[in-house]
1. In deg cm²/dmol, rounded to 500, what helix-only [θ] at 222 nm does the chain give when every DSSP H run of at least 4 residues adds -39500 (n - 2.57) and the total is split over its residues?
2. At 0.692 mPa s and 37 °C, plugging the Kirkwood radius over alpha-carbon pairs of the chain into Stokes-Einstein gives what diffusion coefficient in µm²/s?
3. Would you please report the Å³ per residue occupied by the convex hull of the alpha carbon atoms in the stretch 2-147?
4. Of the listed peptides 318-331, 298-311, what is their order by residue-averaged count of other C-beta atoms within 10 Å, with the highest listed first?
5. Compute the signed sum of charges (Lys and Arg +1, Asp and Glu -1) over the other residues within less than 10 Å, Cβ to Cβ, of residue 371.
6. Filter 190/381; 90/439; 190/267; 190/238 down to the pairs with a C-alpha to C-alpha distance above 26 Å, please.
7. Suppose each label sits 7 Å from its Cα in the direction of the beta carbon; what would the residue 133-residue 88 distance come out to in nanometres?
8. Rounded to the nearest 0.05, what FRET efficiency is calculated for residue 123 and residue 275 with R0 set to 60 Å and r the Cβ-Cβ distance?
Amino acid sequence: MAQELLPSAQMQRRKLLILENDRGLRQELEQIFSDLDVTSTETSEEALVLVRRLEPDVVLFDLGAAREPELAQQSLGLLRQILNLSPDTKIIAMTEHDARELAVAAVGLGATDFYHKPLDGGVLSIVVRRAFRIRELEEENWRLRERTGSMALDGIIGVSDSMRAVCRAIEKVAPTNATVLLLGDSGTGKELLARAVHRLSGRSHLQFVAINCAAIPDNLLESELFGYEKGAFTGAAKTTPGKLEAANGGTVFLDEIGEMPASLQAKMLRVLQDRTVERIGGRTPIPLDLRIVCATNRKLDKLIGTGEFRDDLFYRISEVAIRIPPLRERQGDSLLLAQVLVQEMAERFGRPTRGLAPDAIRAIQAHGWPGNVRELENRIKGAVIMAEGSVVMASDLGLEDPGDDPEYLNLRVARQRAEAQAVRQSLAVAGGNLSRAAKLLGVTRPTLYDLLAKNQIDATQFGRATNTPEEPEA
Ligand SMILES: Nc1ncnc2c1ncn2[C@@H]1O[C@H](COP(=O)(O)OP(=O)(O)OP(=O)(O)O)[C@@H](O)[C@H]1O
Ligand SMILES: [Mg+2]
């Protein structure tokens, strides 16, 4: 039963601290929980040191009897201190069977659960494992919140100003029927954003049809898009509607529109002007209700200059044009994406990878990312699969560690830079949440405020929330 509460593989990494002054009992408890990472002590001084150092997930704390009120008060004081030091730690208050009030007081102060002696290994085991489960659920919840906090739009990760601006533009334009042109280099997320336009529009319950104009040979693209009547050409055995018609009511994503052949550009212009489609060999225009989103990584103005792209079509498709910046221009995004992707890939491939080594962090920040997010995704995927240890190293990513530049030889400058970088990084990971960022850095919130001022960092750049609701501004 107890095993069902948490798979034993996960229990292995869980830290339990036992605080019990009876030596025999302590040994018995260590025995019961030998499958966990157990540390035990009998003194309150050492308990505080251990809590600070280990940040245990669960503390099994023998409060003793309630017969001596002074001792009981001391125990409750210690409990409070433990929770102050490590607020996420779950405390199980163990008491003599006649010390009900003491147990209740402990829970009132923040203990997760209580247990009355005498010792019954089976029952206590359930109580302890339940506390670990609560801790685990809280952590899971944190991860989810952290993840959504670092999303500029559902499913789109980014903390940079430039990506936020893109997402705000998408949010605004999505509910309208405007034709959107997404401009951006390969791998910047054009398709992801096209799907976001559809998802945030009133058409989200209908089809999203993506057509890659570069992937389909010119002669097939026309029948693919417009369909054909029976007998329109050799091989047209039966009347077949095209993709535009099939998407009626929904959204059509014309990817790589810059590659569309000239003959089709004229036909496409008519679709946009008249909102009708005519099958090949057909005579009657069929009315269409379509949202059209286009994308290209080509410079359309150049193609217009050389006559390869019609300017009238360009004006039609770019009612709203949104430029998606390359990854190297998105301050803070590459690292954040890398961190989220490491977790995702580790989960997907069942690997124990947990994070990025310092040399990987430096390499990610120094790399130019010519293949943008797609390149990052591929490198992280490969690294997570190949990494030997629990962290991804620069070499796993196939990147060079840029090392410290010569300026770092000046210790004061080096410290200052490292400090500013750590602050930015923690804010990025915490989605701008100051309490969380301070916790990640291991400093108090006032200290974090000082660091922000000293390094001229604007925390609001990194996210919406500035403080967790449970920890109101002091
Ligand atoms: N901001 C982002 N957050 C999370 N994932 C992203 C982001 N941007 C891109 N991706 C992911 O990166 C990959 C490439 O994105 P996408 O296919 O949308 O780019 P693209 O601009 O269409 O690329 P291409 O020009 O190569 O077709 C996808 O797997 C996508 O999910
Ligand atoms: Mg694409």
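A short reminder: the numbers here are calculations on the coordinates, not readings from a lab. What you see is a predicted model; the values in this text were computed from it and never measured. Here Cβ is always computed from backbone atoms with ideal geometry, including for glycine, and neighbour counts include all displayed protein chains.
1. Mean residue ellipticity, 222 nm, calculated: -14500 deg cm²/dmol.
2. For the chosen part, D equals 122 µm²/s.
3. Convex hull volume per residue, Cα atoms: 106 Å³.
4. In decreasing order of mean packing, 318-331, 298-311 become 318-331, 298-311.
5. Within the 10 Å Cβ shell, the charges total -1.
6. 190/238, as the Cα separations exceed 26 Å there.
7. 2.0
8. 0.25
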